[in-house]
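Report on the following structure.
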Amino acid sequence: MKSDLVSNFGKSKETIKLLVDAGVIIKNDRGSYYDRFRNRLIFPIRDQRGRVIGFGGRVLGDETPKYLNSPETQIFQKGRELYGLFQARKASRDLKEIYIVEGYMDVIAAHEGGFDNVVASMGTSLTSEQVRDLSKISNLHVLALDSDAAGQEATLRSLETSWRIFDRGDSRKLEGLFAREAMQLKIAILPHGKDPDDFIRSGGDWKDLISNAIPVLSLIHISEPTRRYAISYAVF
């Protein structure tokens with residue numbers, strides 16, 4: 001398939017190298033180039049300063065995968081960025097609460113509904129870098145991930161990441177941190193089969209969902225693997 005990007009930006013070696021390095025075109029086995037995000041709806045990914053550093057693409061047909069992100073580049077590392085964080089901070093410099101979802105459409109639906117303090121981990125569990133950045137911005141983090149099996153697993157992994165950052169292997173330190181900085185970590189329970197996008201667009205009460213989020217601080221003393229089982233039982 002012909003690359004529209006190459007056709008529009010030019011076929012010089014320098015231009016092609018820039019497009020390859022940016023992750024927007026790919027070279028196939030025949031030596032031709034094609035657009036990575038062909039036939040996809042594109043979501044620009046911005047860093048905290050508002051600069052476009054990567055893209056996400058949702059397929060418009062039946063191809064797989066359903067969502068595709070830019071590859072790792074010198075300026076884009078997926079595990080360090082949160083989709084929507086620039087827009088959230090632009091809307092309010094004082095983010096007392098941050099709600100964490102999985103996907104682009106979840107963030108867009110929330111922002112369209114007037115909830116600007118929603119960000120996305122772009123389909124994966126939170127990383128230690130993301131948790132550290134969030135802890136510098138807000139004292140209350142609410143996970144509102146999908147209720148399917150993949151979403152439940154992502155929730156567990158995200159919680160474990162949070163504990164590693166806040167706890168560092170010592171629950172007493174975690175208690176002190178939470179007490180000193182009023183840190184809170186909660187989980188919002190979505191109806192079965194719903195993701196945040198579905199929930200909001202179907203008229204679900206997002207404020208009520210968040211207000212009933214479950215604090216997880218009471219589980220910090222549970223050791224692995226009991227902790228994982230306890231979280232699964234309590235939440236799912």
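For the stretch 49-76, what are the residues that are hydrophobic (A, V, I, L, M, F, W, C), more than 17 Å from the chain's Cα centre (by Cα) and closer than 18 Å to ILE25 by Cβ?
Residues satisfying the conditions are VAL59, ILE75.
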Of the residues in the stretch 84-100, those that are within 15 Å of the chain's Cα centre (by Cα) and over 20 Å from ILE53 (Cα atoms) number 3
Report whether or not PHE76 is under 22 Å from SER128 (Cα atoms), in contact (Cβ under 8 Å) with a residue 40 or more places away in the chain, open to solvent by 20 Å² or more (accessible area, probe 1.4 Å) and among the aromatic types (Phe, Trp, Tyr).
no
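May I ask you to list the residues in the stretch 21-60 that are of a type outside the set (D, E, K, R), within 22 Å of PHE9 (Cα to Cα) and in a loop (DSSP other than H, G, I, E, B)? Walk me through how you get there before you give the answer.
Let us first name the residues in the stretch 21-60 that are of a type outside the set (D, E, K, R), namely 22-26, 28, 31-34, 37, 39, 41-45, 48, 50, 52-57, 59-60.
Cutting the leftovers down to within 22 Å of PHE9 (Cα to Cα) gives us 22-26, 28, 31-34, 37, 39, 41-45, 52-57.
ALA22, GLY23, VAL24, ASN28, GLY31, SER32, PHE37, ASN39 - these are the residues of the stretch 21-60 that are of a type outside the set (D, E, K, R), within 22 Å of PHE9 (Cα to Cα) and in a loop (DSSP other than H, G, I, E, B).
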Just checking: which of the helices (runs of 4 or more DSSP H) contained wholly in the stretch 141-206 hold 2 or more residues that are at pLDDT below 85 and within 19 Å of LEU95 (Cα to Cα)?
171-181
Being in a loop (DSSP other than H, G, I, E, B) and loosely packed, with under 14 Cβ neighbours inside 10 Å is true for just one of GLU63, GLU14. Which residue is that?
GLU63
Tabulated pairs, the stretch 42-68, first free of Cβ contacts under 8 Å to residues at least 24 places away in the same chain and small (Gly, Ala, Ser), second in a strand (DSSP E or B) and open to solvent by less than 50 Å² (accessible area, probe 1.4 Å), C-beta under 8 angstrom, 6+ apart or interchain
GLY57/ARG40; GLY57/PHE43; GLY57/LEU68; GLY57/ASN69
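The values are calculated or read from the model by the stated rules, or taken from the named source; none is laboratory data. All values derive from a computational prediction rather than experimental measurement. We place every Cβ from the backbone using ideal geometry, glycine too, and count neighbours over all the protein chains shown. Keep in mind that these areas ignore ligands, DNA and RNA; they rest on the heavy atoms of the full protein, side chains included. Shrake-Rupley method; radii C 1.70, N 1.55, O 1.52, S 1.80 Å.
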